[in-house]
Amino acid sequence: MKKILLIFLIPLINLSAQWDFSLSMGLDFKAALSYRDYINSAPGYDNLSTFTSSVNFAGEVGYMLSPNLQIGIEHSIVLDSYNKNTGLGGVYEISYTHQRPTALCYYVLAGKGYKFKFGGGVGLRFVSLTERIITDTDYTASGFGILLKAEGNTLLSDNFYALIGVDLRYDLPGELKSANGSYIVNQYSNEKMNLNSLSIGIKLGVAYLL
């Protein structure tokens, strides 16, 4: 009887051990209209276009609930900066870090040597930004975001896989605020600047599947 129970339990034990760990790097092509308008309102040249690119780094942990269903948590970090000559012998600089933790759910198609994942999720968004106009001023913002994602994994060796992925994001971190309660305001529209954005991303990385 014990042997029979063991035979039925082995598949469940194997299923519970199906974990994914991945690291990736990629590019986001985004439209952040409030940010663009604020940058372009400053005097000088080298204005921003509607779509710009920025680098992102991500790590993810996934867990298989069934052969075709996976849940996971991704943490993506975007780094971006911009500077322009003001035409007055000075340089204007702005840089920010955008952290995007997201809870995910995937539909999975897997076979020998490959794994495809299609899904999406939601999560919180956190931004820290530094603006230099003679002196540095730090700002922060927090909000939420939505992510749609597709990813393919192909076997390299043992449990290591190469991955390529694409995603569509709508992020709403909101208006930026300094420690003393001041906002970044567009001098022409008199609107508070935010880093809300719509972006398409592509990434490459490696995954370890257990």
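Bear in mind that the values in this text are calculations on the coordinates, not laboratory data. Remember, predicted model here, so these are calculated numbers, not experimental data. Counting neighbours? That spans all protein chains shown, and the Cβs are built from the backbone with ideal geometry, glycine included.
What to note about this one:
- The order of F160, F21, going from fewest to most other C-beta atoms within 10 Å of their C-beta, is F160, F21.
- Cα gyration tensor shape for the chain, rounded if a/c is under 1.5, else prolate or oblate: prolate
- Each residue in S41, S66 was given a count of other beta-carbon atoms within 10 angstrom of its own, and listing them fewest first yields S66, S41.
- Among R132, R169, R100, the residue with the largest mean-square fluctuation in a Gaussian network model of the chain, with springs joining Cα atoms closer than 10 Å, is R132.
- Counting only DSSP H runs of at least 4 residues, each contributing -39500 (n - 2.57), and dividing by the residue count of the chain, the helix-based mean residue ellipticity at 222 nm comes to -3500 deg cm²/dmol.
- V91, V108, V206 arranged by Cβ crowding within 10 Å, fewest neighbours leading: V91, V206, V108
- Here region 25-209 is treated with +1 on each Lys and Arg Cβ and -1 on each Asp and Glu Cβ, and its dipole about the Cα centre works out to around 420 debye.
- Too-long pairs where the Cα-Cα distance tops 24 Å, listed order kept, from K117/K203; K115/K203; K30/K112; K177/K203: K30/K112; K177/K203
- Modelled this way, with points 7 Å down the Cα-to-C-beta line, the labels at V185 and D138 are 2.4 nm from one another.
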